[in-house]
Amino acid sequence: MAQDQPAMVDLLLRVQELADYIVPFAIRAVCELRVADLLVAGPRPVDELAAETGAHAPTLARVLRTLASKEIFAEPRPRVFALTPAAELFRGDHPLSLRDAYPLMAVNFEAWAHFEHTVRTGEPAFPHVHGVGYYEHLAAHPHDSVRFDRIQRAGNRLELRAMLPAYPWRELASVVDVGGSDGAFLAGLLRRHRRMTGTLVELPHVARQAPEVFAAAGVADRATVLAADFFADLPAGQDGYVLKRVVYDWPDADAARLLATVRAAMRPDSRALLLEPVVADRADLRISKTYDLLSLAMLGGRARTVDELTELCAGVGLRVVRTVDTTMFPIIEAVPS
């Protein structure tokens with residue numbers, strides 16, 4: 001037993017780290033304060049960081065000290081802090097910046113605090129706690145909606161890098177981004193493929209930000225915004241219909257209804273492209289199981305296996321013809337059957 005004690009200590013420490021919510025909240029706090037942006041030029045005393053962020057210096061020092069113990073930030077001298085490779089990702093100007101991916105959104109945390117309700121009932125925690133669905137809440141609370149869109153934009157940076165080289169997008173002259181948030185993914189797609197035109201279909205409170213996104217990307221002349229409910233109607237006769245992290249937001253009945261709307265809009269030679277977290281045992285897809293719980297708790301949706309997505313598509317007249325691996329999650333291509 002004595003020989004097993006070091007292994008048991010390691011196991012206890014790992015379980016403690018996995019169950020910890022302290023470090024994730026500390027990361028979110030320094031992202032909110034944009035501390036990493038102030039360290040681009042090199043190490044700085046915590047008093048200077050506190051003065052520029054409006055933080056309480058002794059408390060900020062304690063937070064950064066804790067993150068430094070996890071190799072997120074460094075403390076080369078007492079009360080002086082610097083970036084590490086991990087902290088570089090929290091810079092706003094990093095090409096893969098995650099700074100806006102981790103906001104402090106109280107409504108989300110309140111829902112997670114009642115995740116036991118979800119496990120007991122199979123129902124999402126968010127409407128149980130707040131009395132409305134997640135997207136209904138965002139529509140009524142612009143501040144949270146903007147934060148949510150920033151989360152999506154942070155994800156888009158990773159997804160564009162993973163998916164642009166993986167699929168022959170140049171074969172599509174026109175695409176519809178179904179539920180594409182503020183249009184950041186579509187903007188990146190149009191910027192890469194200059195003969196392509198695109199239409200973003202989103203709810204009005206989200207779509208209103210898209211023209212600014214398209215203008216900043218230099219694609220406003222090839223991008224159209226349709227502020228609408230994508231369950232009701234979609235532009236007909238386009239080459240491609242992109243659903244990026246959309247189908248997994250919904251339980252089976254709603255997901256099928258959405259795919260049926262897509263099918264109705266397609267030409268015989270159109271393509272539906274599902275960019276989805278896919279549940280599988282492969283090491284590179286294990287994060288999809290985390291996405292699955294996120295969708296479950298917030299929305300009542302679920303991540304699916306390729307076979308489940310294939311069956312869902314078949315039920316509305318779509319035939320999956322190939323699955324394209326990327327460095328994130330697969331692109332599932334379906335055509336009218």
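The values are calculated or read from the model by the stated rules, or taken from the named source; none is laboratory data. What you see is a predicted model, and the numbers here were worked out from it, not measured in a lab. No Cβ is skipped: glycine too gets one built from the backbone with ideal geometry, and neighbour counts run over all protein chains shown. When the accessible area is computed, the model is the full protein with side chains, heavy atoms only, and any ligands, DNA or RNA have been set aside. Shrake-Rupley method; radii C 1.70, N 1.55, O 1.52, S 1.80 Å.
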Hits in the range 66-110 - residues which are open to solvent by 70 Å² or more (accessible area, probe 1.4 Å), basic (K, R) and in contact with a helix residue (DSSP H, G or I) (Cβ under 9 Å, 6 or more places away or on another chain): K70, R79
Top-ranked residue of the range 35-52 - restricted to ones that are of a type outside the set (A, V, I, L, M) and surrounded by 15 or more Cβ atoms within 10 Å (Cβ to Cβ), ranked as nearest to the chain's Cα centre (by Cα): D37
Among (1) open to solvent by less than 40 Å² (accessible area, probe 1.4 Å); (2) basic (K, R); (3) more than 30 Å from E159 (Cα to Cα) - the single one R62 does not satisfy: (1)
Condition broken by F185, with the remaining ones in (1) buried (at least 22 other Cβ atoms within 10 Å of the Cβ); (2) more than 20 Å from D249 (Cβ to Cβ) satisfied: (2)
Per-region count, the range 286-313, residues within 28 Å of V107 (Cα to Cα), of a type in the set (A, V, I, L, M) and not in a loop (DSSP other than H, G, I, E, B): 6
Within the range 71-124, tally of residues that are within 29 Å of V46 (Cβ to Cβ) and in a helix (DSSP H, G or I): 10
Flag if R157 is open to solvent by 30 Å² or more (accessible area, probe 1.4 Å), touching a residue at least 40 places away in the same chain (Cβ under 8 Å), part of a helix (DSSP H, G or I) and among the charged types (D, E, K, R): yes
Residue that is in contact with a strand residue (DSSP E or B) (Cβ under 9 Å, 6 or more places away or on another chain) and either on the phi > 0 side of the Ramachandran plot or of a type outside the set (A, V, I, L, M, F, W, C) (or both), where the choices are D292, D284: D292
Count - residues of the range 163-182 that are assigned to a helix (DSSP H, G or I) and buried (at least 24 other Cβ atoms within 10 Å of the Cβ): 1
Subset of the range 9-23 that is of a type outside the set (A, V, I, L, M, F, W, C) and open to solvent by 50 Å² or more (accessible area, probe 1.4 Å) - its residue that is nearest to M105 (Cα to Cα): Y21
Positions within the range 128-145 being in contact (Cβ under 8 Å) with a residue 12 or more places away in the chain and assigned to a helix (DSSP H, G or I), in sequence order: H128, V129, H130, Y134, Y135, H137, L138, A139, P142, D144, S145
Residue within the range 71-91 that is charged (D, E, K, R) and closer than 23 Å to S145 by Cα present: yes
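For residues that are part of a loop (DSSP other than H, G, I, E, B) and touching a strand residue (DSSP E or B) at 6+ places or on another chain (Cβ under 6 Å), tally how many sit in the range 318-337.
3
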